[in-house]
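The values are calculated or read from the model by the stated rules, or taken from the named source; none is laboratory data. Predicted model, so just to flag it, every value in this text is computed and none were measured. Cβ sites come from the backbone with ideal geometry, for glycine too, and all protein chains shown count toward neighbours.
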Amino acid sequence: MMNLIQTITSKASSFPLFATSESRQSGGLAEAKTSAGITGISGTPGKEKAGKQLRMETRDLTVHYGSTVGVKNVSLPIYDNQVLALIGPSGCGKTTYLRALNRMHDLTRGASVTGSVLLDGKNIYDSEVNPVIIRRRIGMVFQKPTPFPTMSIYDNVVAGLKLVGIRNTSVLDEVCERALRQAALFEEVKDRLKSPGSSLSGGQQQRLSIARALAVDPEVLLMDEPTSSLDPQSTSRIEDLIHELKHQVTIVIVTHNMQQAARVSDNTAFFYVGDLIEYGPTSTLFTKPKETRTEEYITGQFG
Amino acid sequence: MRIAFQEHLKTLNRELHTMADMVNHAIDRSVTALKEGDVVEAMKIKKDDIHINNKRFEIEEQCIHLIATQQPVATQLREIIAILNIITDLERMGDYAEGVAKIVMKLNGADTVKPLIDIPRMAEIATDMINLSLKAYAERDVESARKITLMDDRVDELYHQVVRELISIMIEDPRTITHCTYLMWVAHNLERIGDRVTNICERIIFLVTGELVENISKDK
């Protein structure tokens, strides 16, 4: 495993944002001190859980689509090894915010992003930063499972590694098994790794998508309604998986299902018409929200 | 939105008030039976406690049903949790009234060793406290909830007064010990009712503010 990290690190060494674990840690510590200073939203995340380390943070993040504002001045901490849930009615900006976290808007015509998104204290929107590296450090899982249709299960998982030129079969085998195990899929597919990814069930395909995202050893995993197209059983497997994975990666999840947000996340942010209305520990937000709009939304009075 | 859920909550609150009325009635009846040495009425009160117990389980089942099917959050969740706690307190108050009735049965119509003034006064304050607490609950009135807990201090004072008085009667005439001990149990039961009402008041504060507090009158 270390060999793999060294391989990727050496390949990425020309990119300043590919931090070593040491520099990640120091960046996190330095930034944790600043988190208490986030203003303009309810809750005092920095104070409530002292000792948590910041992995990411957005400061005054605004996303425009042409003249339309998708997200307005959102400042949020994203803590290491914790799950942050983004909730809110359709069109509230939660997915727009999520996509800004790994520069997905770079690919959207007319989209512009202002403010900053810090990963280990460094702005991922700085001009010298390579978005491809960012997306490897910050993986994404989409609403619908996205296996590459012509590829086998195996090739799907290791696609990201092959893309950076890793060809060593034993390394690829090892990563494939590790990622599939992390995604709780290995036992179900170990005898048919060469079958097409598209031959799997919906729930398995989604876990395959997660395995592919995990194969490149990301530090942060963004999940955009990862269970909205899945049945309850597959949903509960993905939720169990989120509980397991958060020990290894930091997770940000967008979900329409508030019970899911309540079940899987440590912190929750409620968005409404592009504004961050309230942020805080999930247990507090779902038992005694500070803002009336949060209360109204989570109790189903609007949205 | 969630109209059915809101309707369920309203029904639940109506049931809660019905249960509180049942408990109040039981306390009134038990103290009246004590004053009048009415053993037959005491036996009825003892028997009727089952209705209070059943009402508690009915409400509890409805709460469980709502939690399981509606996944309440925020104020709605706190309301259901508050109701679950309040019915437990009310049910115990019903048991205290039943306890008084049992003592009436033990006294078996014997004349009381002293005029019953403070004990009925305790019962009066306790039932007032129950009524006021349910009103504060319905109105989500934290300030009233805090004030009600101060009334418990008066119940405690009366309790200590009754105990002191009964002890001096026992010292004067040890033949009254059994009788006096029974009356002490009555006073103790009524004193506990006051304590249970302060629990309800704490739940009102939890419902409104989300804060779990204890001894709110002493905090003031």
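Taking the criterion of being closer than 30 Å to A:VAL71 by Cβ, of a type in the set (Lys, Arg) and part of a helix (DSSP H, G or I), would at least one residue in region A:178-194 satisfy it? So far as region A:178-194 goes, no, none of its residues is closer than 30 Å to A:VAL71 by Cβ, of a type in the set (Lys, Arg) and part of a helix (DSSP H, G or I).
When B:LYS106, B:LYS47, B:LYS114, B:LYS102 are checked against the criterion of being modelled with pLDDT under 95 and away from chain A (no Cβ under 14 Å), B:LYS114 stands alone in meeting it. Which of the residues that make up region A:251-270 are among the hydrophobic types (A, V, I, L, M, F, W, C) and more than 10 Å from A:GLU225 (Cα to Cα)? Passing the criteria: A:ILE251, A:VAL252, A:MET258, A:ALA261, A:ALA262, A:VAL264, A:ALA269, A:PHE270. State all residues of region A:281-303 that are within 19 Å of A:LEU76 (Cα to Cα), at the interface with another protein chain (Cβ under 10 Å from one of its Cβ atoms) and either within 23 Å of the chain's Cα centre (by Cα) or of a type in the set (S, T, N, Q) (or both); if no residue qualifies, say none. If the condition is that a residue be within 19 Å of A:LEU76 (Cα to Cα), at the interface with another protein chain (Cβ under 10 Å from one of its Cβ atoms) and either within 23 Å of the chain's Cα centre (by Cα) or of a type in the set (S, T, N, Q) (or both), then A:THR284, A:LEU285, A:PHE286, A:THR294 are the ones that fit.
Looking only at residues in region B:50-89 that are more than 15 Å from B:ILE204 (Cβ to Cβ) and among the charged types (D, E, K, R), the one that is farthest from the other protein chains (Cβ to nearest Cβ) is B:LYS55. Looking at region A:253-261, is at least one residue away from every other protein chain (no Cβ under 14 Å), at negative phi and in contact with a Lys or Arg (Cβ under 8 Å, 6 or more places away or on another chain)? Yes. Considering region A:244-259, and only residues there that are touching a residue at least 40 places away in the same chain (Cβ under 8 Å) and part of a helix (DSSP H, G or I), the residue that is farthest from A:ALA183 (Cα to Cα) turns out to be A:MET258.
Listed here are the residues, each with its yes/no results for (1) part of a helix (DSSP H, G or I); (2) out of contact with any Cys (no Cβ under 6 Å at 6 or more places or on another chain); (3) small (Gly, Ala, Ser).
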residue	(1), (2), (3)
B:ILE81	yes, yes, no
B:ALA101	yes, yes, yes
B:PRO115	no, yes, no
B:ASP128	yes, yes, no
B:SER133	yes, no, yes
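Checking A:PHE270, A:PHE302 one by one, the residue that is surrounded by fewer than 17 Cβ atoms within 10 Å (Cβ to Cβ), touching a Lys or Arg at 6+ places or on another chain (Cβ under 9 Å) and either in contact (Cβ under 8 Å) with a residue 12 or more places away in the chain or hydroxyl-bearing (Ser, Thr, Tyr) (or both) is A:PHE302 and no other. State whether the residues of region A:218-233 include one that is assigned to a helix (DSSP H, G or I) and either more than 20 Å from the chain's Cα centre (by Cα) or of a type in the set (Ser, Thr, Tyr) (or both). Yes.
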